[in-house]
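To start, the structure itself, in structure tokens.
Each value in this text was obtained by applying a stated rule to the coordinates, not by laboratory testing. From a predicted model like this one, the values you see are computed outputs, not experimental measurements. All Cβ positions, even for glycine, are placed from backbone atoms using ideal geometry, and neighbour counts span all protein chains on display.
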Amino acid sequence: MNEEANAKASLRAKIRQQLRTLSAATKDTESDFIRAQLTFPPGTRVAIFAGSPTEVQLLDLLSTAPDIEWFLPRIVTGTEMEFIPINTSSKLRKGRFGIMEPTEGTQTRILDVVICPGLAFTKCGSRLGQGGGFYDRALEKFLTARRIGVCFQDQLLPTLPTEAHDLTMHEVITPHPGS
């Protein structure tokens with residue numbers, strides 16, 4: 001493992017531990033604030049994610065902004081995911097990592113915005129993912145889409161180790177903008 005990969009692995013373990021200590025009330029309040037900031041013109045094609053218990057929760061956007069075309073990731077191979085259209089009546093099931101994903105639908109080839117989860121972000125848009133590279137590979141297929149990272153306040157760090165394949169976010173939304 002190279003130096004950046006070692007630094008990432010160490011940081012991932014530290015952040016996962018911190019996230020386990022966040023209260024449910026804090027996660028709910030911060031998720032509400034982040035969802036309120038995610039506004040788009042009608043018809044915008046936006047990929048969100050069904051968060052794990054330690055991630056920002058976004059699925060309420062389906063009912064609060066029904067004029068948006070929403071998409072969720074679905075794991076299709078050991079290394080690849082695709083984005084499937086969803087709405088409030090879509091059927092979801094727990095996927096490979098225990099995260100809810102669509103049971104049916106055809107992948108999209110066009111997205112305007114991709115909302116990305118991550119273990120940590122910087123204000124400048126660097127992102128530390130879970131380590132599987134799913135988002136890095138998927139984002140390569142949607143290079144014209146606006147990439148927005150969302151995270152709890154404790155996940156915003158001054159710097160992150162990065163590698164050449166890491167795509168930066170165009171914007172990072174936290175519960176306390178400007179901090």
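For the stretch 125-178, calculate the relative contact order in percent as a whole number, restricting contacts to Cα pairs under 8 Å that are 6 or more residues apart.
Relative contact order for the stretch 125-178 comes out at 53 percent.
Between D60 and F40, 0.36 nm times their residue separation minus their Cα-Cα distance comes to what?
Here the segment from D60 to F40 would lengthen by 5.7 nm.
Using a cut-off of 17 Å between alpha-carbon atoms, which aspartates and glutamates can reach K91, once sequence neighbours fewer than 8 places away in the same chain are excluded?
D60, E69, E82, E101, E104
From Cα coordinates alone, what are the radius of gyration and Dmax values for the chain in angstrom?
15.5, 46
Have a look at the DSSP beta bridges in the stretch 3-173 and tell me what percent are antiparallel, nearest 5.
Given both bridge residues lie in the stretch 3-173, the antiparallel proportion sits at roughly 45 percent.
On a full-extension model of 0.36 nm per residue, what is the gain between C124 and S10, subtracting their alpha-carbon distance, rounded to one decimal in nm?
38.9 nm
Given R₀ = 30 Å, FRET efficiency for T168-R93 by Cβ-Cβ distance, to 0.05?
On the way: r = 32 Å, r/R0 = 1.07.
About 0.40, to the nearest 0.05.
Give, rounded to the nearest 20 debye, the magnitude of the charge dipole that the stretch 3-173 has about its Cα centre when Lys and Arg contribute +1 at Cβ and Asp and Glu contribute -1 at Cβ.
320
On C-alpha positions alone, give me the angle between the axis of helix 24-37 and the longest principal axis of the chain, in degrees, nearest 10.
For 24-37 against the chain, the angle is about 60 degrees.
In nm, what is the difference between 0.36 nm times the number of residues separating T159 and E3 and their Cα-Cα distance? List each step's numbers first, then the result.
Details: separation 156, 0.36 × 156 = 56.16 nm, distance 1.53 nm.
Length gained between T159 and E3: 54.6 nm.
Could you sort 111-119, 87-95 so that the peptide with the highest average Cβ count within 10 Å comes first and the rest follow in order?
So the order, starting with the most tightly packed, is 111-119, 87-95.
Taking H placed 1.01 Å from N in the peptide plane, check which residues at least 5 places from L167 or on another chain put their amide H under 5 Å from its amide H.
Amide H to amide H, under 5 Å and 5 or more residues apart or across chains, L167 pairs with nothing.
Positive end of the dipole of the stretch 1-144, charges at C-beta (+1 Lys, Arg; -1 Asp, Glu), about the Cα centre: which of Q37, S90, Q18 has its Cα farthest in that direction?
Going by the charge dipole, the pick is Q18.
Write out the GluC sites (Glu not before Pro) in the stretch 89-179 meeting two conditions: DSSP loop, and at most 12 other Cβ atoms within 10 Å of their Cβ. Intermediate values should be presented prior to the final figure.
Working: sites: E104, E140, E163, E171; in loops: E104, E140, E163.
Of the GluC sites (Glu not before Pro), the ones in loops of the stretch 89-179 whose Cβ has at most 12 other Cβ atoms within 10 Å are E104, E140, E163.
Taking the beta-carbon count within 10 Å as an exposure proxy, list L72, L19 from fewest neighbours to most.
Taking fewest neighbouring Cβ atoms as first place, the list is L19, L72.
Over the stretch 1-157, what relative contact order in percent results from Cα pairs under 8 Å that are six or more residues apart?
Over the stretch 1-157, the number comes to 22 percent.
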